[in-house]
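The values are calculated or read from the model by the stated rules, or taken from the named source; none is laboratory data. Values in this document were obtained by computation on a predicted structure and should not be read as measured data. Don't worry about glycine lacking a Cβ; one is built from the backbone with ideal geometry, like all the others, and counts go over all protein chains shown.
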Amino acid sequence: MGICLPGVQNAYLAVTSKNNSTSAVPACCQPPPSLPAVHLSTCASQLLRLASEDVVANVRICAAQALQLISGALDKKFIQKEVIPTLRKVAENDADLDVRYYAQESLLLFTSAA
């Protein structure tokens, strides 16, 4: 996983690790919030919109990376219907090479989990 925001990679590893060790998370990071499924899907929908439509490439990159952070909490039907098709479209068609790379990285995570 590339670096977009400070601590994103360590936070991702801490959230997804089986032992859930907090030593990998920088001191400035809070534990991930617990959101109801409806709010989480709304958040994911906004991230998908940003990843596919924002005019700033770095915003599209960060949105693709942020989707990885919440990947474990998303509904499998939502992933199949919304996330994978959108990330596939971005990975194949975005004008920016880096955006395509991070979308492909996220797509690999979602397709392996689905």
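One residue stands out in region 68-77 among those that are surrounded by 15 or more Cβ atoms within 10 Å (Cβ to Cβ) and among the small types (Gly, Ala, Ser): the one that is farthest from Val90 (Cα to Cα), namely Ala73.
What about Val55, is it in a loop (DSSP other than H, G, I, E, B), out of contact with any Phe, Trp or Tyr (no Cβ under 9 Å at 6 or more places or on another chain) and either at pLDDT 95 or above or crowded, with 16+ Cβ neighbours inside 10 Å (or both)? For Val55, the condition - in a loop (DSSP other than H, G, I, E, B), out of contact with any Phe, Trp or Tyr (no Cβ under 9 Å at 6 or more places or on another chain) and either at pLDDT 95 or above or crowded, with 16+ Cβ neighbours inside 10 Å (or both) - is met. Looking at the structure I just gave you, is Gln65 buried (at least 21 other Cβ atoms within 10 Å of the Cβ) and either within 20 Å of Leu35 (Cα to Cα) or over 13 Å from the mean Cα position of the chain (by Cα) (or both)? Yes; evaluated as a whole, the condition is true for this residue.
Considering only region 70-88, I want to know if a residue exists there that is over 25 Å from Pro36 (Cα atoms), charged (D, E, K, R) and without any contact (Cβ under 8 Å) to a residue 40 or more places away in the chain. Within region 70-88 (the criterion being over 25 Å from Pro36 (Cα atoms), charged (D, E, K, R) and without any contact (Cβ under 8 Å) to a residue 40 or more places away in the chain), the answer is yes, since at least one residue qualifies.
Tallying residues that are assigned to a loop (DSSP other than H, G, I, E, B) and of a type in the set (A, V, I, L, M, F, W, C) within region 69-112 yields 3.
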